[in-house]
Amino acid sequence: MSVLPRARRVPKTLVVAPNWIGDALMAQPLLARLRARHPERDIDVLAPQWVAPVLRRMAEVSEVIATAFPHGGLQLGERVRLAREIRLRGYTQAFVLPNSWKSALVPLLAGIPVRTGYLGEARFGLLTERHRASSGAREPMTKHYARLADVPGVAFLASISAPRLQTDAQAAEQTARRFGFAVAPRRNAVLCPGAEYGPAKRWPGKSYGELASALTLRGFDVWLVGAKSDAGACEESARASDGLAKNLAGQTSLDEAIDLIACADLVVTNDSGLMHVAAALDRPQVALFGSSSPLHTPPLSPHARTLWLKLDCSPCYARKCPLGHLRCLREITPEQVLDEVARLDVPR
């Protein structure tokens, strides 16, 4: 990867982004606070290449520096080379959002004088400005990241804006036409059966298929959208719909998936990165929660509805159901989802 220096003397900020799409969106309120305080500064973001398309659609971001570090990979030599190039840019402060120690290595090796982040994985020597996560119940992720803009230990009193993504309406419509989206009076529903975190966040494919069939009868064309890793969940959903739902899993780039969601009349998702994308695009949406909680990572949009059964064993935040029954999701019915859809202002 090559990072070209830019000849400017205005102080500049580097943000090391989270490794997940949803978390990157939850970090936008932090970027908004930094931009409001220092509108003259560049805010560049160092991010995994699979997250970069989301960050490029944020108004607060000056430039995204995409990396190819794999999940869990150290790649020390590559980090050292990247740090040498980052040093040429003259950043005065870095915000390190992931909790791993390796995520703080590049700002340290690049000689960025102020390095801000949460304590974790023995990072005392890597960070110069260290925050402690709030004790007790998990706070909303937007607040967790946004408080990094303040002095450590100071009570957080600021209001937080909801994440929003920019989109080119004409380009989005071209993408929708290319993939065959229906035109009025038919409507388009995008269903996202995947969840990268694990099966404890995935509503069953059979349920998605039944929902797709019911939505088709209500005048929707139904599209299954997800990454290659979501292909199994989407294929199961397509089969359960008797072929009524069109499976696009793995056939779109993230940019194309964002465009399709931007053109959707309705979006139904699990608690996933695409759930946060739909909320940031302010689309009519129903979000389904199982092992996680909408109190911690809700879809932040006035046009979003959530379904969460609040069982005694939930939220457990496990990747797989530790009790083996997955009741938190299996007991959500397509009829309940349709009831939530009826409460939304879905265009007709």
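Derivation of every value follows stated rules applied to the coordinates shown; laboratory data play no part. Note that this is a predicted model, so its numbers are computed, not measured. Every residue, glycine as well, gets a Cβ built from its backbone with ideal geometry; the counts of neighbours run over all protein chains shown.
To two decimal places, what compactness ratio does region 170-279 give when its Cα radius of gyration is scaled by 2.2 N^0.38 Å? Could you put the intermediate results ahead of the total?
Values: Rg = 12.5 Å, N = 110, 2.2 N^0.38 = 13.1 Å.
Normalised Rg, Cα atoms only: 0.95.
When only alpha-carbon atoms count, how far does the chain stretch along each of its three principal axes, as whole angstroms with the largest first?
Per principal axis, max minus min of the Cα coordinates gives 60, 46, 38 Å.
Calculate the all-directions average of the projected area of region 66-221's alpha-carbon convex hull, and give it in nm². Intermediate values should be presented prior to the final figure.
Working: hull surface 57.5 nm².
Averaged projected hull area, Cα only: 14.4 nm².
Which of Met275, Met26, Met58 moves the most in a Gaussian network model of the chain with Cα springs under 10 Å?
Met58
Residues with amide H under 5 Å of Leu266's amide H, sequence separation 5 or more or different chain, H placed in the peptide plane at 1.01 Å from N; which?
Asn188, Val190
Mind checking which of Ala238, Ala195, Ala171 has the largest fluctuation in a GNM of the chain, springs on alpha carbons under 10 Å?
It is Ala171.
Report the charge-dipole magnitude of the chain in Debye, nearest 20, computed about the Cα centre from +1 at each Lys and Arg Cβ and -1 at each Asp and Glu Cβ.
Numbers: 44 positive and 33 negative charges, 210 e Å.
For this selection, approximately 1000 debye.
With runs of 4+ DSSP H residues as the only contributors, calculate the mean residue ellipticity of the chain at 222 nm using -39,500 (n - 2.57) per run, divided by the residue total and rounded to the nearest 500. Each step should come with its number before you reach the end.
Values: 13 runs with 108 residues, N = 348.
Calculated mean residue ellipticity at 222 nm is -8500 deg cm²/dmol.
Considering the Cα positions of region 235-348, please state its Rg to one decimal place and its Dmax as a whole number of Å.
Rg, Dmax (Cα atoms, Å): 14.6, 42.
For region 173-343, what is the charge dipole size about the Cα centre, in debye to the nearest 20, if Lys and Arg each add +1 at the Cβ and Asp and Glu each add -1 at the Cβ?
Details: 19 positive and 19 negative charges, 41 e Å.
The calculation lands at about 200 debye.
Over 18 Å apart: what share of the alpha carbon pairs of region 62-115 falls there, rounded to a whole percent? Walk me through the intermediate numbers first.
Numbers: 377 of 1431 pairs.
Within region 62-115, distances greater than 18 Å cover 26 percent of Cα pairs.
Work out Dmax and Rg for region 6-130 from the C-alpha atoms and quote the Rg first, both in angstrom.
13.3, 36
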